[in-house]
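Visitor: Quick one: structure below, then a few questions.
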Amino acid sequence: MNKIISITFIMSTLLLLTGCSDTTVNSNGTDTLTFAPEIEAEKRAPAPGNETIAEIVISAATADEDAEFTLLLDALVYADLAGVFDGNDQYTVFAPTDDAFGNLVEALSASLDSDILDQEGPFAAIDDLLGENTVANVLLYHVTEGRRASNSVVPNNPRARDRKITTLLGETFSVNSSAGITAIGNSATILIPDLSASNGIIHVIDTVILPVEL
């Protein structure tokens with residue numbers, strides 16, 4: 001019962017907190033990309049980049065200015081998933097911004113154990129509240145196998161059917177022609193598509209999508 005109440009609280013709060021951001025992402029330590037509320041899918045997939053997905057996330061998280069993906073990196077390290085994205089296997093990652101993770105933690109803050117939060121951080125506190133492996137499962141819900149650029153993720157016209165994405169968690173979400181994501185428990189928007197890595201693609205999204213229903 002407590003978990004159901006907590007999940008309901010998360011979702012209702014996220015609906016109030018979700019919105020587009022003007023933050024910037026540093027994709028490789030030098031080039032800065034500005035978040036945009038609308039995107040147009042490229043007709044062709046971008047060529048593979050020189051850095052792995054993990055290296056792009058680390059570069060962005062450790063940038064001197066406009067650092068991004070710091071909480072995504074923390075979550076991946078906590079869940080012991082960072083190494084998955086540093087090899088040759090191809091993945092597509094729907095990567096939440098720092099604001100997106102911050103909104104989730106803020107939504108849960110009243111229910112999190114303050115001692116665990118202070119000593120072990122927000123992700124350990126979330127697992128303590130909602131169950132072991134919750135963070136890992138949420139992260140896996142943001143990843144699909146293969147190299148899927150925006151031209152195979154975002155439908156190319158408003159009358160086209162939404163694209164269904166099957167994730168590493170085994171659950172699905174859909175993407176419409178406006179780059180809107182409808183997940184099991186909430187919704188999000190792709191802010192920046194097609195950050196190209198040597199081992200896949202990153203699409204930056206504005207909300208941590210949840211694989212649970214209300």
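Residue by residue, here is whether (1) at pLDDT 95 or above; (2) more than 23 Å from T166 (Cα to Cα) holds:
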position	(1), (2)
N28	no, yes
A36	no, yes
I39	no, no
E65	no, yes
E68	yes, yes
D74	yes, yes
D80	yes, no
F94	yes, no
A107	no, yes
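Visitor: Okay, next question. Only one residue in T24, T8 is within 20 Å of V138 (Cα to Cα) and either hydroxyl-bearing (S, T, Y) or modelled with pLDDT under 95 (or both), so which one is that? Steps first, please.
Guide: Numbers: T24 fails: within 20 Å of V138 (Cα to Cα).
Only one candidate passes the filter, namely T8.
Visitor: Somewhere in segment 126-145, is a residue part of a helix (DSSP H, G or I), buried (at least 22 other Cβ atoms within 10 Å of the Cβ) and without any contact (Cβ under 8 Å) to a residue 24 or more places away in the chain?
Guide: Taking every residue of segment 126-145 in turn, at least one turns out to be part of a helix (DSSP H, G or I), buried (at least 22 other Cβ atoms within 10 Å of the Cβ) and without any contact (Cβ under 8 Å) to a residue 24 or more places away in the chain.
Visitor: Pick from segment 113-145 the residues that are hydroxyl-bearing (S, T, Y) and touching an Asp or Glu at 6+ places or on another chain (Cβ under 7 Å): which of them is nearest to F94 (Cα to Cα)?
Guide: Keep residues of segment 113-145 that are hydroxyl-bearing (S, T, Y), which gives 114, 134, 141, 144.
Okay, now just the ones that are also touching an Asp or Glu at 6+ places or on another chain (Cβ under 7 Å), so 134, 141.
Details: T134: 17, Y141: 9 Å.
Within segment 113-145, the match that is nearest to F94 (Cα to Cα) is Y141.
Visitor: Which one is farthest from S187 (Cα to Cα) among residues in segment 90-113 that are of a type outside the set (S, T, N, Q) and in a strand (DSSP E or B)?
Guide: Going through the qualifying residues, I end up with Y91.
Visitor: Hey, can you tell me all the residues within segment 164-186 that are buried (at least 18 other Cβ atoms within 10 Å of the Cβ) and assigned to a strand (DSSP E or B)?
Guide: Listed by number, the residues that qualify are I165, F173, V175, I181.
Visitor: To continue, here is another question. Consider only pairs whose beta carbons are under 9 Å apart and that are at least six residues apart or on different chains; among these, list those whose first residue lies in segment 184-199 and is under 23 Å from V84 (Cα atoms) and whose second residue is in a loop (DSSP other than H, G, I, E, B) and among the aromatic types (F, W, Y).
Guide: I192/F35
The values are calculated or read from the model by the stated rules, or taken from the named source; none is laboratory data. Please read all numbers here as calculations on a predicted model, not as lab measurements. Here Cβ is always computed from backbone atoms with ideal geometry, including for glycine, and neighbour counts include all displayed protein chains.
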